[in-house]
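Chemist: Quick one: this structure, given as structure tokens, is what I'll be asking you about.
The values are calculated or read from the model by the stated rules, or taken from the named source; none is laboratory data. Quick caveat, the model's predicted, so the values are computed rather than measured. For neighbour counting, all protein chains shown are included, and Cβ atoms are generated from backbone atoms with ideal geometry for every residue, glycine included.
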2 protein chains.
Amino acid sequence: MKIGELARQIGISAQAVRFYERAGLLHEPERTPSGYRVYSAAELKRVRFIRKAKELGFSLTEIGDILRMHDAGQVPCAQVMAIAERHLRETDAEIKRLRRFRAELSSALGRWKRTPARAVTGNAICELIERTIDDNHWKPGRGAAKHARGNGRA
Amino acid sequence: MKIGELARQIGISAQAVRFYERAGLLHEPERTPSGYRVYSAAELKRVRFIRKAKELGFSLTEIGDILRMHDAGQVPCAQVMAIAERHLRETDAEIKRLRRFRAELSSALGRWKRTPARAVTGNAICELIERTIDDNHWKPGRGAAKHARGNGRA
DNA sequence: CTTGACCTTACACCTTGCTATAAGGTATAG
DNA sequence: CTATACCTTATAGCAAGGTGTAAGGTCAAG
């Protein structure tokens, strides 16, 4: 199977497959005499594994670690569980953060609607925004969202 | 006031201030004879506005639009409200997405714990992951998380 | 007159996971 | 023989919001 066929079966682009190879997730594949990459069913499964792990929120780095453990003859399931549990905690934290943010934004919007910006003081840029945090009941913790990250599900 | 003093008062780096200038959020400042940027209280307020808007989830592009409206003599508050309402909807969608993801991850973890990977079939990479989506009760919608992104609160 | 804190510019780099493009070689159908 | 679909490599670029570094100029204190 050549790269385009593999990519089609998984539902990704051929470039993405080459990208995984360069990223160290796939071994150097065999080649036809003319240099085309040739993949076996095992490689197909490996790529499928990569996509599944990605959908579960694993980063390519983590997936690479897992695959290298596997290649070294180890069973990486303990690591997989640990990473998944960390992702769960991070997701919880991110949901909490987003909920706090949502509440704050919603409350600002409510105040803006009750007190429209007819009372624009001449030297404000947008008085709505300017009075919002001057109220200062909302102290965003230092670095609250430092590690926040989309979890990469495509 | 020079750039370092301005940055210190806002709590950002001097590079960030120059970055805002290059991004078109700040006007070309006055300069000392030796070329140092000199800022007035009005510029300080403008930078403070930028940070406040950013904390409310506005992107630098949006903030730039708002500031340009202001510079053109308009009152950008209607746009600000519209953007804020869009952010609210996006935040809601992102929270929903994360909750679905969390439920899925949590359920996978539960299954993994109940049925540990002692039954490792020889040709799997990590059987935990491999059996998870083969169950296939979980169809991630196409492009569900296309626009998902941390909302830039620092 | 030197040290050190501050300022200047320009450019590269970071994160992640790819996508796009250029410039070319290969395989197959008609 | 040619059209076209596929493959190769290398390189650049995106999103977003900056940070880091190099190489140098300026200013006050001691």
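Chemist: Given the residues A:Gly11, A:Gly4, A:Gly57, A:Gly64, which is the only one that is exposed (fewer than 15 other Cβ atoms within 10 Å of the Cβ) and either closer than 20 Å to B:Ile129 by Cα or of a type in the set (Lys, Arg) (or both)? Break it down stepwise before answering.
Modeler: Numbers: A:Gly4 fails: either closer than 20 Å to B:Ile129 by Cα or of a type in the set (Lys, Arg) (or both); A:Gly57 fails: exposed (fewer than 15 other Cβ atoms within 10 Å of the Cβ); A:Gly64 fails: exposed (fewer than 15 other Cβ atoms within 10 Å of the Cβ).
None of the others qualify; the one that does is A:Gly11.
Chemist: Output the number of the condition that A:Glu55 fails; it satisfies all remaining conditions of (1) farther than 24 Å from B:Gly110 by Cβ; (2) modelled with pLDDT under 90.
Modeler: Status for A:Glu55: all satisfied but (1).
Chemist: Among what's in the range A:14-26 and is within 8 Å of DNA strand C (Cβ to nearest atom) and farther than 14 Å from A:Gly64 by Cα, pick the residue that is surrounded by the fewest Cβ atoms within 10 Å (Cβ to Cβ).
Modeler: A:Gln15
Chemist: Could you figure out which of (1) of a type in the set (S, T, N, Q); (2) farther than 17 Å from B:Leu60 by Cα; (3) within 29 Å of the chain's Cα centre (by Cα); (4) within 9 Å of DNA strand D (Cβ to nearest atom) isn't true of B:Gln9?
Modeler: (4)
Chemist: Further, regarding this structure: Out of all the residues in the range B:67-85, is one or more β-branched (Val, Ile, Thr), assigned to a loop (DSSP other than H, G, I, E, B) and closer than 22 Å to A:Leu105 by Cβ? Steps first, please.
Modeler: Kept after step one, since they are β-branched (Val, Ile, Thr), are these residues of the range B:67-85: B:75, B:80, B:83.
The next check asks that each one be assigned to a loop (DSSP other than H, G, I, E, B); those that pass are B:75.
Next cut, closer than 22 Å to A:Leu105 by Cβ only: B:75.
Checked against the condition, which is being β-branched (Val, Ile, Thr), assigned to a loop (DSSP other than H, G, I, E, B) and closer than 22 Å to A:Leu105 by Cβ, the range B:67-85 yields at least one hit.
Chemist: Which count do you get for residues in the range B:62-79 that are touching an Asp or Glu at 6+ places or on another chain (Cβ under 9 Å) and more than 7 Å from chain A (Cβ to nearest Cβ)? Let's see the steps before the verdict.
Modeler: Initial filter on the range B:62-79 (touching an Asp or Glu at 6+ places or on another chain (Cβ under 9 Å)): B:75-77, B:79.
If we keep only those that are more than 7 Å from chain A (Cβ to nearest Cβ) as well, we get B:79.
Qualifying residue count, the range B:62-79: 1.
Chemist: Whether any residue in the range A:27-48 is in contact with a Pro (Cβ under 8 Å, 6 or more places away or on another chain) and surrounded by fewer than 19 Cβ atoms within 10 Å (Cβ to Cβ) is what I want to check.
Modeler: First, the residues of the range A:27-48 that are in contact with a Pro (Cβ under 8 Å, 6 or more places away or on another chain): A:37-39, A:43.
Subset that is surrounded by fewer than 19 Cβ atoms within 10 Å (Cβ to Cβ): A:38.
The answer is yes; a qualifying residue exists.
Chemist: Here's another thing I want to ask about it. Can you tell me which of (1) over 30 Å from B:Lys113 (Cα atoms); (2) modelled with pLDDT of 65 or more; (3) more than 8 Å from chain B (Cβ to nearest Cβ) is the one A:Lys139 doesn't meet?
Modeler: (2)
Chemist: Here's a follow-up. Looking at A:Lys52, A:Lys2, which one is within 11 Å of DNA strand C (Cβ to nearest atom) and either within 14 Å of another protein chain (Cβ to nearest Cβ) or on the phi < 0 side of the Ramachandran plot (or both)? Can you show your working first?
Modeler: Working: A:Lys52 fails: within 11 Å of DNA strand C (Cβ to nearest atom).
That would be A:Lys2, the only listed residue that is within 11 Å of DNA strand C (Cβ to nearest atom) and either within 14 Å of another protein chain (Cβ to nearest Cβ) or on the phi < 0 side of the Ramachandran plot (or both).
Chemist: Additional query: Restricting to the range B:22-41, and then to whatever is within 11 Å of DNA strand D (Cβ to nearest atom) and either within 24 Å of B:Ser59 (Cβ to Cβ) or assigned to a loop (DSSP other than H, G, I, E, B) (or both), can you tell me which residue is nearest to the other protein chains (Cβ to nearest Cβ)?
Modeler: Filtering the range B:22-41 for residues that are within 11 Å of DNA strand D (Cβ to nearest atom) and either within 24 Å of B:Ser59 (Cβ to Cβ) or assigned to a loop (DSSP other than H, G, I, E, B) (or both), the one nearest to the other protein chains (Cβ to nearest Cβ) comes out as B:Leu25.
Chemist: Of all residues in the range B:80-129, how many are surrounded by fewer than 18 Cβ atoms within 10 Å (Cβ to Cβ), at the interface with chain A (Cβ under 7 Å from one of its Cβ atoms) and at pLDDT below 85?
Modeler: 1
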